[in-house]
Amino acid sequence: QVQLVESGGGLVQPGGSLRLSCAASGSIFSSYAMAWYRQAPGKQRELVAGIIHDGRTNYADSVKGRFTISRDNAKNTVYLQMNSLKPEDTAVYYCNAVLGNIISWGQGTQVTVSS
């Protein structure tokens, strides 16, 4: 498994921005499919955005046009740029890595959108 460490969460006002980072260990990071999930209190964990090895991305409808996922394979890091944040974006955000049947999760980082 790859070790994943998220950072960048915090408290932000509605309409604000945050950038989450997920640093991964290992030498084959570029081969992994990476994703961000989130889980709000009382709700199931949901996919927010994903990016595969060739850079293709996909997004949940609720974040399209506001969030951008990207990766820097030289730094073994995946990012989630979150703009125009809404209170309903409040959740713990988790980094996810998949390679074949190997699935890894980070510990999560809290994002709170509130005035």
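So, of the residues in the range 77-102 that are open to solvent by 30 Å² or more (accessible area, probe 1.4 Å) and of a type in the set (S, T, N, Q), which turns out to be farthest from Arg19 (Cα to Cα)?
So, considering only residues that are open to solvent by 30 Å² or more (accessible area, probe 1.4 Å) and of a type in the set (S, T, N, Q), the one farthest from Arg19 (Cα to Cα) is Asn101.
Given the condition touching a Leu at 6+ places or on another chain (Cβ under 7 Å), open to solvent by less than 70 Å² (accessible area, probe 1.4 Å) and not hydrophobic (A, V, I, L, M, F, W, C), answer yes or no: does some residue in the range 60-69 qualify?
The answer is no; no qualifying residue exists.
May I ask you to verify whether Leu47 is loosely packed, with under 15 Cβ neighbours inside 10 Å, among the aliphatic types (A, V, I, L, M) and under 12 Å from the mean Cα position of the chain (by Cα)?
yes
The values are calculated or read from the model by the stated rules, or taken from the named source; none is laboratory data. Note that the coordinates shown come from a computational prediction; the quantities given were computed from them, not determined experimentally. For neighbour counting, all protein chains shown are included, and Cβ atoms are generated from backbone atoms with ideal geometry for every residue, glycine included. Protein only, heavy atoms only, side chains kept; ligands, DNA and RNA dropped before computing areas. Shrake-Rupley method; radii C 1.70, N 1.55, O 1.52, S 1.80 Å.
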